[in-house]
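Below is one structure, written out as structure tokens; comments come after it.
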Amino acid sequence: MSVSGVRVFDTGCCSSVGTALLGTAVLVAGLGCSHDLSVVGQPRNGGAGDPGAAGIDAAAGIDATAGIGGEPGTSLPGPAGLGATGGLVCNPGFADCDKDPSNGCERLNTLENCGACGVACDIPQAVSSCLSFFCEMIGCRPGHGDCDGDPTNGCEELLQKPEHCGQCWLPCAPPLSCSTGVCEVDPCPWGMATCDVLPRMCVPLNTPQHCGSCLPCELDHATANCLPGPGGLFGCLIAQCNPGFLDCDRNHQNGCETRESPDNCGQCGEDCDPEHAVPMCMTGQCLIKSCEAGYWDCDMHPGNGCEASLLHDRNNCGMCGLVCPPPATLNTVANCNGGRCGQRCVSGFDDCDRNPATGCETFVATDPLNCGRCGNVCVSSEPVVDCKDGRCVNKCAPGWGDCDSVLANGCETELQQNPQHCGECGNQCSQGQPNCVNGHCT
């Protein structure tokens with residue numbers, strides 16, 4: 001059988017061979033056997049190549065391809081094999097540092113075992129790493145520096161000294177002192193402070209770089225000024241909004257927070273809503289993005305929107321500037337219908353004879369035979385019927401009126417003695433004059 005590069009032969013007297021895999025090492029023991037296990041590799045008694053008397057060749061590693069009688073073996077990972085006396089033989093880069101065969105061999109590239117067992121990788125005040133089995137310094141711990149350039153003593157300097165303040169190369173010149181790794185003067189006089197500048201000096205708090213505090217005077221979407229406020233303290237105020245932005249909440253701290261839109265165009269609350277158009281606001285001007293179907297901005301003035309109806313405007317019929325010519329027939333005017341030029345009758349007239357040559361010859365506002373429209377004949381129970389403003393009305397005898405406006409029942413209301421309709425339809429006598437005599441309330 002083959003176990004992780006160790007080839008073992010059973011001499012035949014054993015009823016079984018037990019194999020245990022422990023960590024990264026392989027242990028092989030015969031169960032109920034009185035003879036030795038033969039391992040192909042380094043000769044145990046000096047007999048080269050003797051399969052019956054063999055140990056482990058540590059340099060050759062572990063044979064992962066061999067089996068019993070040429071049969072394929074089992075490949076098992078691990079950096080260790082059996083020695084000639086049954087102990088562990090570790091692969092290069094590994095060692096049995098804890099002397100415990102049950103967990104195999106440990107790596108020799110850790111901070112606890114760097115290159116050899118028990119050799120710790122811990123450089124003073126440094127970030128250490130065991131690379132290629134050698135302990136190396138890859139950086140310093142916070143607040144420390146390798147100012148002498150000697151990695152053997154680690155990061156030897158505490159960077160809170162006047163000669164090494166925050167950095168190995170940064171000294172603090174008098175009257176500056178080193179405080180928490182920063183050169184500074186403290187306390188500062190009123191109106192000044194030590195800000196994040198190196199070396200840390202007292203700087204005035206009335207500049208765009210330090211306005212009222214150590215923070216710069218910067219506001220969103222705005223040009224800012226550092227100006228004095230209450231108590232003489234300086235503050236960051238809006239000098240001017242950037243194009244396309246407005247300060248609608250009057251809060252200087254958040255800058256010009258409102259982006260221009262059709263609801264706030266040019267100034268806060270200014271509505272951009274041109275008629276028959278989809279609006280847009282650009283650099284404070286209300287403009288037309290597009291027109292509704294059938295409309296167009298023929299006068300090129302966004303203020304009145306898309307003013308021209310290309311379907312019905314006889315001065316812009318179908319397209320801007322196309323004027324429908326006046327017709328030559330009687331009582332007609334030019335019109336635009338569906339974007340095509342035509343003609344229509346003047347108000348109160350109609351073309352009742354359907355003869356284009358005579359135009360709109362009938363005055364339907366007063367014609368009882370064509371009252372309001374062609375062919376509408378006024379018929380009533382009264383002997384006289386009239387057409388007034390295109391409506392059929394009864395022409396009543398004196399003292400009577402058509403108060404219900406129903407043409408068929410004629411002049412049904414008496415007007416001489418009727419307090420509800422005294423003298424005319426709808427004239428109701430009051431309580432002070434409740435009676436109607438000869439068409440007059442008394």
Task: Extension gain from Ser430 to Asp122, taking 0.36 nm per residue of separation minus the Cα-Cα distance - done: 99.2 nm
Task: In Å, descending, principal axis extents of the Cα set of the stretch 260-411 - done: 74, 40, 20
TODO: Would you calculate the separation in nanometres between label points at Val377 and Trp190, each defined as 7 Å from the Cα along the Cα-to-beta-carbon direction?
DONE: 10.7
Task: Computed label-point distance, nm, for sites Glu292 and Asp100 using a 7 Å Cα→Cβ extension - done: 8.6
- [ ] Would you kindly state how much longer the chain becomes between Leu322 and Asp404 on full extension, computed as 0.36 nm times their sequence separation minus their alpha carbon distance, in nm to one decimal?
- [x] 24.6 nm
Task: With DNA, RNA and ligands ignored, accessible area of Asp146 (1.4 Å probe; Å², nearest 10) - done: 40
Task: Signed unit charges on C-beta, dipole axis of the stretch 124-238, positive-most listed residue Pro204, Phe234, Ile138 - done: Phe234
TODO: With r as the distance between the Cβ atoms of Gln167 and Glu218 and R0 = 25 Å, compute the FRET efficiency 1/(1 + (r/R0)^6) and round to 0.05.
DONE: 0.35
Task: Heavy-atom accessible surface of the stretch 212-255: percent carbon and sulfur, 1.4 Å - done: 53
TODO: Enter the accessible area of Ser381 (Å², nearest 10), with the probe set to 1.4 Å and all protein chains included.
DONE: 80
Open item on the list: How are the alpha carbon pair distances in the stretch 127-204 distributed across 10 Å bins from zero to the largest one, expressed in percent?
Closed with: 20, 36, 23, 14, 6, 1
TODO: Determine the share of the stretch 379-435's accessible area contributed by carbon and sulfur atoms, expressed in whole percent, with a 1.4 angstrom probe.
DONE: 47
- [ ] For an R0 of 56 angstrom, estimate the FRET efficiency from the Cβ-Cβ distance between Leu111 and Asn337 and round to the nearest 0.05.
- [x] 0.05
Open item on the list: Let me cross-check Met282: its accessible surface, 1.4 Å probe, with only protein heavy atoms counted, in Å² to the nearest 10?
Closed with: 100
Task: Accessible-area composition of the stretch 112-173, carbon plus sulfur, in percent [1.4 Å probe] - done: 57
Task: Average Cα contact separation per residue, the stretch 161-270, under 8 Å, 6 or more apart, as relative contact order % - done: 13
Task: Inter-label distance for Met201 and Glu412, nm, one decimal - labels placed 7 Å from Cα along Cα-to-Cβ - done: 10.6
TODO: Counting residues in the stretch 239-292 as N, plug N into 2.2 N^0.38 Å and put the Cα Rg over that result.
DONE: 1.22
Task: For the stretch 227-267: Kirkwood Rh in Å [reciprocal of mean 1/r, alpha carbons] - done: 11.3
Open item on the list: Based on C-alpha coordinates, I'd like the Rg and Dmax of the stretch 353-431, in Å.
Closed with: 16.3, 62
Open item on the list: Keeping every protein chain present and rolling a 1.4 Å probe, give me the accessible area per residue for the stretch 366-435 in Å².
Closed with: 62
Task: Length added when fully stretched, Cys268-Met300, from 0.36 nm per residue minus Cα-Cα - done: 9.0 nm
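The values are calculated or read from the model by the stated rules, or taken from the named source; none is laboratory data. Since we're looking at a predicted model, the values are computed, not measured. Methodologically, a virtual Cβ is constructed for each residue, glycine included, from the backbone with ideal geometry; neighbour enumeration extends over all protein chains shown. Note: accessible area is taken over every heavy atom of the protein model, side chains too, but ligands, DNA and RNA are not part of it. Shrake-Rupley method; radii C 1.70, N 1.55, O 1.52, S 1.80 Å.
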